[in-house]
1. Once phi is turned into θ = phi - 60°, what whole-Hz ³J(HN,Hα) does the Karplus curve with 6.51, -1.76 and 1.60 give for every residue of segment 253-263, x standing for Gly and Pro?
2. Quick one: if the Förster radius is 60 Å, what FRET efficiency do Ser388 and Thr209 give, using the C-beta to C-beta distance and rounding to 0.05?
3. For segment 415-424, just list the computed ³J(HN,Hα) in residue order, Karplus coefficients 6.51, -1.76 and 1.60, θ = phi - 60°, integers in Hz, with x standing in for Gly and Pro.
4. Please report the Cα spread of segment 334-377 along all three principal axes, rounded to whole Å, starting with the longest.
5. Compute the length gained on full extension between Ala433 and Asn238: take 0.36 nm times their separation in residues and subtract their Cα-Cα distance, giving the result in nm to one decimal.
6. Relative contact order for segment 134-226: what percent, with Cα pairs under 8 Å and sequence separation of 6 or more?
7. From the gyration tensor of the Cα coordinates in segment 200-277, what semi-axes in whole Å does the equivalent ellipsoid have, largest first, with each one equal to sqrt(5λ)?
8. With each label point set 7 Å from Cα along the Cα-Cβ vector, what nm distance links Gln354 and Thr296?
Amino acid sequence: MRTNEVSTPRLPLPRLLASLVGAALGLTSLTATGATWAISEKIPLGENVVWMRPDPGRPWLYAIDQVNSEVLFIDLRTASVSRSIYVGDSPSDLDIDATDNFLYVANQGPGTGLYGSWRIGVVALTNQTLVNSFITLVSAVHVSAGRPGRLYYNNGGEVHSVDTDSGTDLGAFNNIKTRMVISSDKTHLYGQYVYTGNLGAMGDFDVATDTITLLDTAYYSPYPYGWDYDNYSISGDNHYLGYGQIMFTATNFADQIGEFPEQIYALNGDGSVAFGQTNIWDTTTFPIHGNATQITNMPISTTIMIFDSNTNVLYAFNPADESIYALAPSTTHGIPLSWLTYYGLSTNDSVESQQLGGDGRTVLQDWLLDTSPTNPATSLRLTWSTNSALNVQYTSARRYYQLQRSTSLSSPSWQEVAESKGNGSNLLFGVSADRINYPSAYYRVSPSVY
């Protein structure tokens with residue numbers, strides 16, 4: 001799958017119109033419409049992950065590879081996995097402490113069922129190494145970092161507090177069966193708890209001190225069972241809570257903002273945008289006509305996603321190709337608004353066709369090439385390295401490059417020959433086999449975000 005493709009200089013085979021090297025960066029006609037959400041980055045993992053957590057103070061994303069019992073350290077500057085470490089058997093959840101110094105990883109353990117087999121791994125984020133393991137009284141499935149010195153975990157039943165200064169398990173204070181979320185000020189912990197027998201209800205727990213109390217409750221999902229969903233999410237400003245298909249005021253469950261046509265798995269920083277498995281929703285229309293309005297389709301189908309309020313980016317894992325996709329507010333043709341703002345440009349769609357760098361390229365073309373829109377830069381170039389290899393010069397490590405072939409320029413039909421991720425330097429495509437089948441042909445390279 002690819003979007004926003006542009007063509008770079010087309011180069012024929014040696015001795016066949018070898019002078020054809022003129023730039024051919026194509027651009028469709030643009031119309032001025034409102035901002036949408038689009039993929040701004042693809043991060044290939046090659047592993048299946050079960051949960052993620054963005055670092056609030058560093059350009060890193062941490063993900064759990066449960067099959068290999070590893071935490072993946074993803075460098076967002078290069079959109080690649082930089083490191084992976086073993087932190088304990090069968091990790092299932094992770095969170096970052098209030099000081100942004102430690103990563104806590106819940107490990108379900110080897111399955112022996114014995115005390116000492118259940119642990120929470122502690123990773124120092126300054127050097128990305130495992131520095132400690134807290135022995136827990138029950139298995140750790142879900143974990144949420146509280147105020148400095150406190151950590152909360154559950155085993156799909158009991159929820160416990162941990163003193164992170166000493167590593168002491170302080171015992172259970174209730175029964176929460178689902179994944180938990182915690183407010184950014186670390187005072188409210190949310191989860192689906194057992195209110196009687198085996199019946200579940202929403203719970204808002206005051207965790208500002210060690211005297212933990214239940215502040216609010218709602219018998220949802222549908223009474224009397226309460227275990228239909230496991231998808232709590234909270235807006236970055238702590239005002240709104242998503243659970244099941246409903247958006248609530250986080251501090252007053254009786255104030256239900258509205259119901260979505262699907263389950264919601266993430267909210268943005270101020271709760272104005274909600275993310276489901278198949279759609280992205282504008283929640284500001286709830287008070288206007290009672291329904292959320294679809295902004296656009298989710299480009300991938302997934303329930304594993306988390307929103308980074310610090311950068312205004314949604315990270316979503318696609319199990320189909322084992323990659324993480326970053327989604328950001330964008331222009332119609334996919335330029336992230338944050339990228340435009342970084343260069344001091346307008347965030348209106350009309351900016352896409354402007355030529356600002358003095359090199360003849362539009363802002364949209366510069367985004368696709370990953371070059372500055374305000375300064376002239378060396379353009380992507382396709383040359384012959386040998387008679388059987390093509391060299392793509394000036395690639396970006398954040399872009400993908402597809403080599404295409406056509407046997408005619410008068411009525412071209414471009415076919416994919418090969419594709420590779422850029423490396424920040426030169427990229428070599430071998431075409432010896434292709435030239436045997438197509439001895440007279442033209443080649444071009446097409447960059448894309450994913």
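Every read-out reported here was derived from the displayed coordinates using simple, explicitly stated rules and does not represent laboratory data. What you see is a predicted model, and the numbers here were worked out from it, not measured in a lab. Virtual Cβ from ideal backbone geometry, glycine too; neighbours counted across all protein chains shown.
1. Calculated HN-Hα couplings, in order: 5, 5, 8, 9, 5, x, 10, 8, x, 9, 6 Hz.
2. It comes out at approximately 0.25.
3. 10, 5, 9, 6, 9, 8, 7, x, 10, x
4. The principal-axis extents, from largest down, are 22, 17, 16 Å.
5. 64.4 nm
6. On the way: 213 pairs, mean separation 16.7, N = 93.
The normalised contact order for segment 134-226 reaches 18 percent.
7. Values: eigenvalues 79, 55, 21 Å².
Equivalent-ellipsoid dimensions as semi-axes: 20, 17, 10 Å.
8. If labels sit at Gln354 and Thr296, their model points lie 2.0 nm apart.
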